[in-house]
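Visitor: Okay, here's the structure, questions in a sec.
The values are calculated or read from the model by the stated rules, or taken from the named source; none is laboratory data. Keep in mind that this is a model prediction, so the values were computed, not measured. Positions of Cβ are backbone-derived with ideal geometry, glycine not excepted, and every protein chain shown enters the neighbour counts. The protein model used for the area step is the full one, side chains on, heavy atoms only, and it has no ligands, DNA or RNA in it. Shrake-Rupley method; radii C 1.70, N 1.55, O 1.52, S 1.80 Å.
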Amino acid sequence: MKKLMMSLIAGSAVLTLFAQVRRSEPQIPVRPTLEEEGSFSMILIPDPQSQIKFAANQPLFELMTAWVAQNIDRLRIRAALFTGDMVEQNDQLTGGDPAHFHNGDQTSRQQWSAVSRALKRLDGRIPYIVCQGNHDVGYVAAENRLSMMPQYIYPERNTEIVAHLAAVGLNHENVHTLENAAYEFHDAAWGDLLVIAFEFAPRDEALDWARGLIESEKYRNHRVIVLTHSFLDTDGSRKKGEGYKLTPRNWPQAVWEKLVYPSKNICLVLCGHTGTPPKIDMEGGADGVAEIDYRTTSAYRVDRAADGRRIPQMMFNSQAGDGGWFGNGGDCWLRILEFRPDGRTIGVRTFSPLFALSRITARNAWRTADYDRFDIRIDDLKK
C-alpha cells in the first residue's frame, strides 16, 4: 500500500510538472506544424533592414528569431536562411538625420548590434546562413565592398555554424569570412545537401571558388542550394544590371550564366532584395477585412540547366509587406520551407509570427494565395 501511495504521489508530481511546463509557454493561437511526418524544415527570413533601421522596429526582428528558436523541435528546423540586407547602412556614424529620414534613427553600429542580439537566440541551437545584401556593404549601399558583417557574424559565436560549415571562400580582402560560405546537411531522404551563401553581386573569384567546390570529388553528388541577395526581379526576370558603383561584380544574369546554368548539382536558388509594397484595399470585402495583393513581394520561375534539369528560383522579400518602406518592416512575414520525406518536394508556406501571437489577428497569420503557398519540385541529379 505504501508503494502504491508513493507511486501515486510521484505520478501526481509528474502531471503537475507537465501542466506547469505546458503553462510556461505563451498561449499562441497559431502554431504551425509539419504537414508530413518525416519532413524537416528550413526557415527563409527576408531582408530585415526596415526593422533594424528604426529602434522601435528592432524587437520585431527579434520576434522572428525568437519564433524560430521556439519552433526548432516542432518544425524540425535545420537552419535559418537570411536573404541579406541585414542593416540599412553598413557604415554610417550618425542616425536620425531629418534630411534622410528614410535611413532610420540608428547608427550602423547600433543596427549591426541589433542584428547580433536577434541572432544570439539561435546560437548553439541551429546554424543561421546569411547572404550579404547591397546595404551590408559600402557606406550606405554598395559603394564598395567594405562590410562590418564579419565583425558580427562569424563561426566562433555559434557552435552549430561550426558543425555544418563545409568551406569558406575569400572576401575582397583575401580573408576567409562567412561572406562566401558553404554549409553541409545530411538527411536520409534528401541525401547530402550543400547551402552556399554569397557576397553581394559576387566577384568572379567567389564564383570560381563555388564552382570548384561543387565540382570537387567530395561535393559533386551533393544537392546544392544557392542563397544570394539579388537574383529575380518582381516580374520574375533575372536582373541583368543594377545601379550600384560596386566593382568588380557579377549581376544576377551573369551568375546564372557562369555558375548556375552550367552546374550539374545546383538544384535551387533563393533570394530577396526586390519586393515592393503590396496593393492594400483597406475597405476590404463584405467582412470588413482588408484585401491585400502580396504578389509584388515574391517571384518564382523555373529554367533548365545545361544538362536538362529544372532549376527553381524563388525571390521572397516582404520587408514592405505592411504597405511601405518606412513602416514596421513588413509584418514579420517569413517562409517555412518543408523538405518532404519523398526527397524531392519542398512545400512553401508564408507565415507571420506577429499575427499569430493574438486571437484578434490570428486569422491573418497565413498567406494562402497560390504564389504564397506552393510546392517546389527538385529534379534528381544526372549521373
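Visitor: Keeping every protein chain present and rolling a 1.4 Å probe, give me the accessible area per residue for the chain in Å². Each step should come with its number before you reach the end.
Guide: Numbers: 16810 Å² over 383 residues.
Per-residue accessible area for the chain comes out at 44 Å².
Visitor: In addition: With everything on Cα atoms, drop me the angle between helix 2-24 and the longest principal axis of the chain, reported from 0 to 90° to the nearest 10.
Guide: On a 0 to 90 degree scale, this one is about 40.
Visitor: Can you give the FRET efficiency for ARG377 and ALA188, using 1/(1 + (r/R0)^6), R0 = 22 Å, r = Cβ-Cβ distance, to the nearest 0.05?
Guide: Details: r = 20 Å, r/R0 = 0.89.
Efficiency, from the Cβ-Cβ distance: 0.65.
Visitor: Enumerate the residues in region 233-271 having an amide nitrogen under 16 Å from the point lying 7 Å beyond the Cα of ALA306 toward its Cβ.
Guide: 254-267
Visitor: Using the Cβ atoms and a cut-off under 9 Å, what net charge is assigned to the surroundings of PHE355, where Lys and Arg are +1 and Asp and Glu are -1?
Guide: Numbers: positive: ARG363; negative: ASP331.
Net local charge, PHE355 excluded: 0.
Visitor: Next question, about the same structure. Considering only DSSP beta bridges whose two residues both sit in the chain, what percent are antiparallel, to the nearest 5? Kindly include the intermediate steps, with their values, before the conclusion.
Guide: Values: 39 of 59 bridges.
The answer is about 65 percent antiparallel.
Visitor: Same structure, new question: Distance between Cα centroids, region 296-361 to region 160-236: provide it in whole Å.
Guide: If you average the Cα positions of each part, the centres end up 20 Å apart.
Visitor: If you fit an axis through the alpha-carbon atoms of helix 108-120 and take the longest principal axis of the Cα set of the chain, what angle between them do you get, 0 to 90°, nearest 10?
Guide: Approximately 40 degrees, to the nearest ten.
Visitor: Tell me the carbon and sulfur percent of the accessible area for region 63-111, rounded to whole percent, probe radius 1.4 Å. Don't skip to the end; give the middle numbers.
Guide: Values: 1000 of 1960 Å².
Accessible surface attributable to carbon and sulfur in region 63-111 totals 51 percent.
Visitor: Then there's this: Can you give the charge dipole size of region 105-215 about its Cα centre, rounded to the nearest 20 debye, using +1 on the beta carbon of Lys and Arg and -1 on the beta carbon of Asp and Glu? If you can, show how the numbers build up before the last one.
Guide: Details: 9 positive and 16 negative charges, 104 e Å.
My answer is approximately 500 debye.
Visitor: Just name one of GLN132, ALA66, ILE77: the one whose Cα is farthest towards the positive end of the charge dipole of region 56-148 (beta-carbon charges, Lys/Arg +1, Asp/Glu -1).
Guide: ILE77
Visitor: Quick check on packing: order 85-92, 144-151 by the mean number of other C-beta atoms within 10 Å, highest mean leading. Provide the component values of the computation, followed by the final result.
Guide: Working: 85-92: 25.5, 144-151: 17.8.
Ranked from most to least packed, the peptides come out as 85-92, 144-151.
Visitor: Compute, for region 245-383, the length of the dipole vector about the Cα centre, with Cβ point charges of +1 (Lys, Arg) and -1 (Asp, Glu) only. Units Debye, rounded to 20. Please list the in-between numbers first.
Guide: Values: 21 positive and 17 negative charges, 161 e Å.
So the dipole magnitude of region 245-383 works out to roughly 780 debye.
Visitor: Sum up the charges of everything whose Cβ sits under 13 Å from the Cβ of ARG249, counting Lys and Arg as +1 and Asp and Glu as -1, but leave ARG249 out. Mind showing how you got there, number by number?
Guide: Numbers: positive: ARG145, ARG203, LYS239, LYS240, LYS245, LYS258; negative: GLU143, GLU199, ASP204, GLU205, GLU242.
Combined, the nearby Lys, Arg, Asp and Glu give +1.
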